[in-house]
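See structure below.
The values are calculated or read from the model by the stated rules, or taken from the named source; none is laboratory data. For clarity, every value in this text was computed on a predicted model and none was experimentally measured. Quick reminder, even Gly has a Cβ in these numbers, built from the backbone with ideal geometry, and neighbours come from all protein chains shown. These accessible areas exclude ligands, DNA and RNA; they are computed on the full protein's heavy atoms, side chains included. Shrake-Rupley method; radii C 1.70, N 1.55, O 1.52, S 1.80 Å.
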Amino acid sequence: MSRCLSDDALERHEAELTSVAERAHLAGCAACAARHRRMREELALITGVLRDTPEPRPRLAPVRRRRWMPATVTLAAVASALLIWVEVAVWRAVTPVPPTMQPHEVASILADVSAALFSVSGDPPDAGEDSRASLEVMARELDHALAGGEP
């Protein structure tokens, strides 16, 4: 007599996927037939429970009022504003104030930047009296334009 069928083979037989040899063994072996009967009874019990048991009704969760939420948001906003204010105050206290530049230094820097940005050849012109004079002329034209007058 051949070896008894495994549980997987019995499950395949229940799904009607066994070979002819396995079906013949199950028909001739009393031990395999008893195991197969027990498996069918258990499957029938599970099927009955699943079929006859009603589905659980979902319970609605109670709606909780969140009265503390506006207070928490307000407290967080106030704490953030206070922290930013303290950081700015400390930053100003420890940061040295740079010395102010004289007007002629500003004019010289602006002339160099303007010459570098707007030069046709790529080389800045020689910084002399012409560049300073042209900067003053441009400043006057800008003042007139902003004031609403013609240059």
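Numerical summary
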{"read-out": "Qualifying residue in the range 62-80 (condition: of a type in the set (Phe, Trp, Tyr) and at pLDDT 90 or above)", "value": "no"}
{"read-out": "Identity of the residue in the range 91-113, open to solvent by 80 Å² or more (accessible area, probe 1.4 Å) and among the hydrophobic types (A, V, I, L, M, F, W, C), that ends up nearest to Glu136 (Cα to Cα)", "value": "Leu110"}
{"read-out": "First in the range 140-151 and open to solvent by less than 100 Å² (accessible area, probe 1.4 Å) and part of a helix (DSSP H, G or I), second anywhere and charged (D, E, K, R) and modelled with pLDDT of 70 or more, Cβ under 9 Å, 6 or more apart", "value": "none"}
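Rundown of residues vs (1) surrounded by 10 or more Cβ atoms within 10 Å (Cβ to Cβ); (2) within 38 Å of the chain's Cα centre (by Cα); (3) closer than 20 Å to Cys4 by Cα, yes/no style:
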residue	(1), (2), (3)
Ala31	no, no, yes
Arg37	yes, no, yes
Leu45	yes, no, no
Thr53	no, no, no
Leu60	no, yes, no
Met69	no, yes, no
Val73	yes, yes, no
